[in-house]
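> I'd like to ask some things about the structure below.
The values are calculated or read from the model by the stated rules, or taken from the named source; none is laboratory data. For clarity, every value in this text was computed on a predicted model and none was experimentally measured. Neighbour counts run over all protein chains shown; Cβ positions are idealised from the backbone, glycine included.
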Amino acid sequence: MLTEGNILLRRLEDSDREPLAKLVNNKKIWDNVRDMLPFPYTHKDAETFIKLAKLEKTPMTFAIGYEERFCGVIGLTAQSDIYRKTAEIGYWLGEPFWNKGIATIAVKLITSYGLHSLGFIRIHTGVFEYNKGSMRVLEKNGYAKDGIFKKSIIKNGQIWDEHRFSITR
Ligand SMILES: CC(C)(COP(=O)(O)OP(=O)(O)OC[C@H]1O[C@@H](n2cnc3c(N)ncnc32)[C@H](O)[C@@H]1OP(=O)(O)O)[C@@H](O)C(=O)NCCC(=O)NCCS
């Protein structure tokens, strides 16, 4: 369990199913993430996701708690082969919880955990060109913009640039 103030990263639990399914089933979230995230998002999708997270021997996927309420998910995904010392970070927060500084603290906690407890040397991610809030969260945590992958994304039938961010140990 990782905490700072009233923000907590903890393992997912079966009781997260309802709030998870309710909060993530939001087009404003889906517009900023990969198409592999189901939309609409069902209780069954939440159940499958929680089951997989609970199987992780080394916890990499966490519920974000704010004042003891489930408010989102954050996770690291280890890369493979020669990239195995790199993890990709991903996160979302339910809309009622936006702009309270929660993602900034959650990214801070998981970045420190990934670099210092799990032994990753690099954590990186890609942000769609219009997601200024997420870019700000990464920058506030010391992530640097590595570059822009021009026209690398298709989302909602439109082509977009992806801004690539990373932090290294
Ligand atoms: C992106 C997201 C995680 C941010 O979470 P959050 O808890 O609201 O973020 P924080 O409050 O910690 O910080 C947001 C920062 O971005 C800024 N911001 C928000 N919207 C902005 C915008 N449209 N333009 C510029 N800055 C913006 C805020 O002012 C704040 O910066 P500040 O502290 O310097 O004022 C949340 O909006 C979300 O889940 N979005 C949908 C899913 C998503 O985008 N996931 C990430 C994919 S890369």
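> Does segment 140-153 contain at least one residue that is touching a Ser or Thr at 6+ places or on another chain (Cβ under 8 Å) and near the ligand (Cβ under 8 Å from one of its atoms)?
The answer is yes, given that some residue of segment 140-153 is touching a Ser or Thr at 6+ places or on another chain (Cβ under 8 Å) and near the ligand (Cβ under 8 Å from one of its atoms).
> Then there is this: Answer with yes or no whether S152 is within 27 Å of E56 (Cα to Cα), polar (S, T, N, Q) and surrounded by fewer than 19 Cβ atoms within 10 Å (Cβ to Cβ).
no
> Next up: Are there any pairs, at least 6 apart or on different chains, whose C-beta atoms fall under 6 Å, with the first in segment 37-55 and free of Cβ contacts under 8 Å to residues at least 24 places away in the same chain and the second part of a loop (DSSP other than H, G, I, E, B), and if so, which?
Cβ pairs passing all conditions: P40/N25; Y41/N25.
> Residues to consider are L20, L37, L9; find the one that is within 16 Å of the ligand (Cβ to nearest atom), at pLDDT 95 or above, more than 29 Å from G157 (Cα to Cα) and of a type outside the set (V, I, T).
After applying the criteria, what remains is L9.
> Quick one: is S80 loosely packed, with under 13 Cβ neighbours inside 10 Å, of a type in the set (G, A, S) and farther than 24 Å from I167 by Cβ?
Judged against the criteria, S80 is not a match.
> Only one residue in K28, K54 is surrounded by fewer than 17 Cβ atoms within 10 Å (Cβ to Cβ), in contact with an Asp or Glu (Cβ under 9 Å, 6 or more places away or on another chain) and closer than 15 Å to L93 by Cα. Which one?
K28
> Residues to consider are I102, I89; find the one that is over 25 Å from I154 (Cβ atoms), at pLDDT 95 or above, within 16 Å of the ligand (Cβ to nearest atom) and surrounded by 19 or more Cβ atoms within 10 Å (Cβ to Cβ).
Selected residue: I102, the only one of I102, I89 that is over 25 Å from I154 (Cβ atoms), at pLDDT 95 or above, within 16 Å of the ligand (Cβ to nearest atom) and surrounded by 19 or more Cβ atoms within 10 Å (Cβ to Cβ).
> Could you please tell me which pairs satisfy a Cβ distance under 9 Å, a separation of 6+ or placement on different chains, a first residue in segment 2-14 that is surrounded by fewer than 15 Cβ atoms within 10 Å (Cβ to Cβ), and a second residue that is aliphatic (A, V, I, L, M) and at pLDDT below 95?
What qualifies is R11/M1.
> Can you report the number of residues in segment 106-165 which are in a strand (DSSP E or B) and not aromatic (F, W, Y)?
23
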